[in-house]
Structure formats: C-alpha cells, structure tokens
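Heads up, the thing below is written out as structure tokens.
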Amino acid sequence: MGIEAFRTPDERFDGLPGWDFEPRYAEQDGLRLHHVDEGQGDPILLLHGEPTWAYLYRRMIPPLARVGRVVAPDYPGFGRSDKPLDPTWYSYDAQYAAVEHLVCRQLGLSRATVVVHDWGGPLGLRLAVEHPDRIDRLVIMNTGIGAQAPGPEWLRFQAFMRRVGTAIVPGQLVRLSCATPIPDDVAAAYDAPFPTPESKVGVVAFPELVPTSAEHPSAPAMLAVREALRAWVKPALVLFGDSDPIFSIAHAERMAALIPGAGPAETVAGASHLLQEDRGEEIAERIVSWLAEVT
C-alpha cells in the first residue's frame, strides 16, 4: 500500500504574489514532490525551513537564476508537495531521503551550491558531507546542527507548537519570524498549502524532530554531520540575520568556526529569522557576489 497523503489542490497556488514559477514534480515512494527549476549553469539548491516552503525564496530565485540553475524543492508535508497524514512518517531520515533522491537520482545535480536555512541546515549539510562529489559550496543562513536545542526561545516555540497542534496558522508564524511587516497576501501565500488540519501534520511534526539531547532519534545522524563539517574545506558562506531570537550572531560565529572552509560569519542588518522575507534581494546579490569570488 502507498503512503496516505493529503495533496493540496493546485488552485490554492494560483495568483500568489511574486510566485509565477512553473511547478515541476518528482515521484518518490508514491509521493508527488514539488520543486522549482529555473536558470542554467551550476546548480544552486535552495532549502527552506519550518513552516515555510519554496515560496520563501521567491525574491531570491530570479537574481540567482541569472548566474546558475536554481532548484528549490518543497519537502514532503510542505508547499505543493504531498503531505503524509501519519505523524510517525516524519523523521530526519525520511526528509533527508526526499532531498537526496531529488538531487542525486532525479536531477543528478553536481558542482552545486547548497543554500540552507532553518531545517534546510540539517538536510543540506548532511547532503554536502555525504555527497561531497556533488556539492562544491555552502551558504548557511540562520540554522544549526547538533544534539541540543538552539536556546530557550526555541524551546518556547516547541511548547507553543505542541499546544496549538494542527490549529496552527503558518502565515501568522511567518509574521512573527520577520523583522519587517509582511502584507496580508504574502501571509496568505504561506497558508495556501495548508487548507485543512490534516494538511498541517508535517508542520506540527517538524519541531519534534529537532534533537534536544543525545538520546533523541535524530541525534546520532546530526552529530555525525556536525563532526564531518570539521573537515569541510570547500567554500562556505555563513550569513545570518542580525535580529533572530533563535539563531543569534553567536550561533553564526560558532558555525563559522566549525567549518574550515568558512570565512568570518557575516550578518544581514535588519533581518530576523526569516531573513529571506526581510532582505531577500540583498541576500541574493551577496550570494551572487560571493559565488563570483569562489568559482
């Protein structure tokens, strides 16, 4: 039997502001998984976090597509991808398998730059250390990896998600994660993939996948990735919003110190956790400039 999943009706994605990219799909284990694929050249893989989807990168895709082939997937449970209904389906390994399948088997990407944010960090950094023959560069934004909570603010977020469950309104969570106000139609675009309670099972499951101790099921794999990053000598850009209550500048500095290929941590002024919303065009141009220096 296949995986029982919710498929968001395609019309929910009609007319979203700033979102006119052609949807592309891959199949994995009976799930239809969505990604954007724009531009030509060496790949630039954009990995989103919780509770967002590829829409988070809408302002970055066009400038990046001028210098490379931009691929921006939606994980199972998010965006235009199918959303498994069983909470126990969701795991670090299952989400990683979806990204790995797309990159290595479906698209066969190589010489890639991986841009990671939030949950994209554990997924994309694992991809880099397990497939160094395919990944040449890293851009690391407001994320971490290890076996402990990022801090008390994150623990409060986890407790909040446990309380509200599938009543969560993703667009409101996005509002709270930005330094600058977002328009109502943009908030609604973040709600578009999730029209029913059962469509939000993945959004609710993801905070539980973050290890808060070495005994957590996700911990061994994440600790292995963290250790492998100590040998990453290829180029890495650590770029954090300066006003993130969860991943602070101190987190950025520790990430930069961990990775030999990284220069000093850089910050984006006036940007909170969702720095792509706060300063999307600026970040894209900074990445373009950095790529010109390291490639």
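Overview of values
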item	result
Gain upon complete extension [Ala269, Glu11; 0.36 nm per residue less C-alpha separation]	89.2 nm
Accessible surface ranking that places the most exposed of Arg80, Arg24 first, with a 1.4 angstrom probe	Arg24, Arg80
Förster radius 35 Å - calculated FRET efficiency between Ala292 and Glu4 (Cβ-Cβ, nearest 0.05)	0.15
Spin-label pair Leu85/Glu281, simplified geometry with 7 Å Cα→Cβ offset, distance in nm	4.4 nm
Gain on full stretching of the segment that runs from Thr196 to Gln148 - 0.36 nm per residue minus C-alpha separation	14.1 nm
Cα convex hull volume per residue for segment 136-295 (Å³)	126 Å³
Residue-normalised accessible area of segment 113-198, given per residue in Å² at a 1.4 Å probe	38 Å²
Separation between Cα centres of segment 190-247 and segment 11-81, rounded to whole Å	18 Å
Value of relative contact order over segment 187-295, rounded to a whole percent, pairs C-alpha under 8 Å and six or more apart	20 percent
Fraction of antiparallel bridges per DSSP, the chain only, in percent to nearest 5	35 percent
Mean separation of Cα contacts under 8 Å (6+ apart) over length of segment 59-166, as relative contact order %	18 percent
Cα-derived Rg to Rh of segment 1-158, Kirkwood definition	0.95
Value of Rg/Rh across the chain [Cα atoms, Kirkwood radius]	0.92
Loop GluC sites (Glu not before Pro), segment 178-227 (other Cβ atoms within 10 Å of the site Cβ: 10 or fewer; DSSP)	Glu215
Segment 1-93 - Rg over Rh from alpha carbon coordinates, Kirkwood radius	0.98
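The values are calculated or read from the model by the stated rules, or taken from the named source; none is laboratory data. Quantities reported herein were computed from a predicted structural model and do not represent experimental measurements. Cβ atoms come from the backbone with ideal geometry, glycine included; neighbour counts cover every protein chain shown. Side chains included, ligands, DNA and RNA excluded: accessible areas come from the protein's heavy atoms. Shrake-Rupley method; radii C 1.70, N 1.55, O 1.52, S 1.80 Å.
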